[in-house]
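Q: Next up is a structure, given as structure tokens.
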Amino acid sequence: RQGWLDRLKAGLRKTGSSITTVFTGTRIDDELYEELETALLMADTGVKATEHLLQDLKRRVKEAKATDPSQVKTLLTDAITDLLQPLQKPLAIGDHQPTVIMVAGVNGAGKTTSIGKLTKHLADEGLSVLLAAADTFRAAAKEQLAVWADRNTVEIVSQQGGDPAAVSFDAVSAGRARGRDVVLVDTAGRLPTQTHLMEELKKIKRVVQKADGTAPHEVLLVIDGNTGQNALAQVKAFDDTLGLTGLIVTKLDGTAKGGVLCAIAREKPIPVYFIGVGEKLEDLETFNAREFAQALLS
Ligand code: GDP
């Protein structure tokens, strides 16, 4: 666990170092706050969260009667922790069999890798998992998912050139019939231009619901922590169409745009169930607001 925190610290160094240099001076003055504003914006914290943090920080500085910039750094860590707190919520798998988790994300975000990691995480908790290969457009998607299924020795439901909604329906039905705990539905991240991705995802959601009245129980979006404000735009767009219940933020083992979590907390506070800190199966961690804030400003 400790090794992981060091990795997160190292990963966020590119984001954090420009922020922490602001506190190397000797005075707390307008210049400090201006530099901090620039650094936060550069880290993709976004205008709204940056304004909020600066106001909150100034209040804390006044309250604490702080005189040294290094104290301001500690107070900013507290402010960021409080801002991120609403995002800290664990993924809870209920008793319903199967719990259906639909996973979306644009190509390259790390969706397939995250599904592999999530499968391991759930299997480690003693849950039986079934994968649905509903990304039927991308030629390699099914094979990639099958590799992760093999690594985790779990079942996978797929169809050669099949319809994504049909695959999802079959998988949920199979999960019910076989009494599996969780069905993870991998969806497409991009389609041939003539078809609309969001329409397809909505259709999968509808069909999954037909297969099991209460499903999907979770709708997750995987976003690349390296894409900053672009990731926030994806969260907004997917939430508008699908109604997201959680996020997985990947690639926090090396990003200059880690401030985007603050932007998400301020503008679309959807729980961050997990963060990705590497390419390996075990490189998935639960999100903790204070750990993240401390790693960012370490
Ligand atoms: P998909 O297109 O969304 O399914 O993306 P993939 O799962 O294929 O991942 C795209 C690339 O990102 C691959 O090279 C992955 O190894 C890499 N990747 C995914 N998650 C992480 C992460 O948390 N950290 C790092 N460093 N790389 C990641």
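Q: With a cut-off of 8 Å between alpha carbons and a minimum separation of six or more residues, what is the relative contact order of the chain in percent?
A: It comes to 30 percent, rounded to a whole number.
Q: Report the paramagnetic label zone for Ala177: residues of the stretch 193-213 whose backbone N is under 20 Å from a point 7 Å from Cα along the Cα-to-Cβ axis.
A: 207-213
Q: Report the FRET efficiency, 1/(1 + (r/R0)^6), for Lys58 and Lys14, where r is their Cβ-Cβ distance and R0 is 35 Å, rounded to 0.05.
A: It comes to 0.85.
Q: Could you tell me which GluC sites (Glu not before Pro) in the stretch 140-235 are loop residues by DSSP with no more than 10 other beta carbons within 10 angstrom of their beta carbon?
A: none
Q: Identify all aspartates and glutamates with a Cα-Cα distance to Lys257 below 14 Å; exclude those on the same chain that are fewer than 8 residues away in sequence.
A: Asp44, Asp224
Q: Could you please report the charge total around Ile93, scoring K, R as +1 and D, E as -1 over all other residues with beta-carbon less than 10 angstrom from its beta-carbon?
A: -4
Q: May I ask for the net charge around Glu200, where only other residues with Cβ less than 15 Å from the Cβ of Glu200 are counted and Lys, Arg are +1 while Asp, Glu are -1?
A: Within the 15 Å Cβ shell, the charges total +3.
Q: Sticking with this structure for a sec: Taking 7 Å along the Cα-to-C-beta vector as the label spot, tell me the Lys210-Asp124 distance in nanometres, rounded to one decimal.
A: 3.8
Q: Still on this model: With each pseudo-label sitting 7 Å past Cα toward Cβ, what's the Lys202-Ile93 distance in nm, one decimal?
A: Each label point lies 7 Å from its Cα, and together they span 3.1 nm.
Q: Calculated from DSSP H runs of 4 or more alone, at -39500 (n - 2.57) each and per residue, what is the 222 nm mean residue ellipticity of the chain, nearest 500?
A: -16000 deg cm²/dmol
Q: Right, next: Pick out, in residue order, every one of the trypsin sites (Lys or Arg not before Pro) in the stretch 45-108 that is DSSP loop and has at most 16 other C-beta atoms within 10 Å; say none if there are none.
A: Taking the stretch 45-108 and a limit of 16 other Cβ atoms within 10 Å, the loop trypsin sites (Lys or Arg not before Pro) found are Lys65.
Q: For the stretch 1-71 and the stretch 126-181, write down the distance between their C-alpha centroids in whole Å.
A: 44
Q: Let me ask something else. Fewest first, what order do Asp68, Asp224, Asp82 take by the number of other Cβ atoms within 10 Å?
A: Exposure proxy ranking, most exposed first: Asp68, Asp82, Asp224.
Q: Right, something else. Using alpha-carbon pairs under 8 Å, 6+ residues apart, how would you state the relative contact order of the stretch 36-184 in percent?
A: 25
Q: Counting other beta carbons within 10 Å of each Cβ, put Arg151, Arg13 in order, fewest first.
A: Ascending number of Cβ neighbours within 10 Å: Arg151, Arg13.
Q: What full-extension length gain, to one decimal in nm, is calculated for Lys65 and Asp29 as 0.36 nm per residue of separation minus the Cα-Cα distance?
A: So the chain would gain 11.6 nm between Lys65 and Asp29.
Q: Gain in length, Thr21 to Thr241, computed as 0.36 nm per residue apart minus the alpha-carbon separation, to one decimal in nm?
A: Result: 75.1 nm gained on full extension.
Q: Amide H neighbours of Val100 under 5 Å, at least 5 residues apart or on other chains, H built in the peptide plane: list them.
A: Those lying under 5 Å, H to H, from Val100 are Val183, His217, Glu218.
Q: Using a Cα-Cα cut-off of under 25 Å, which lysines could be cross-linked to Lys205, ignoring same-chain neighbours fewer than 8 residues away?
A: Result set, ordered by chain and number: Lys89, Lys111, Lys117, Lys120, Lys142, Lys236, Lys268.
The numbers here are math on the coordinates, done by the rules we state, and not lab data. Since the structure is predicted, the reported quantities are computational estimates derived from the model, not experimental observations. Note that we place each Cβ from the backbone using ideal geometry, even for glycine, and neighbour counts take in every protein chain shown.
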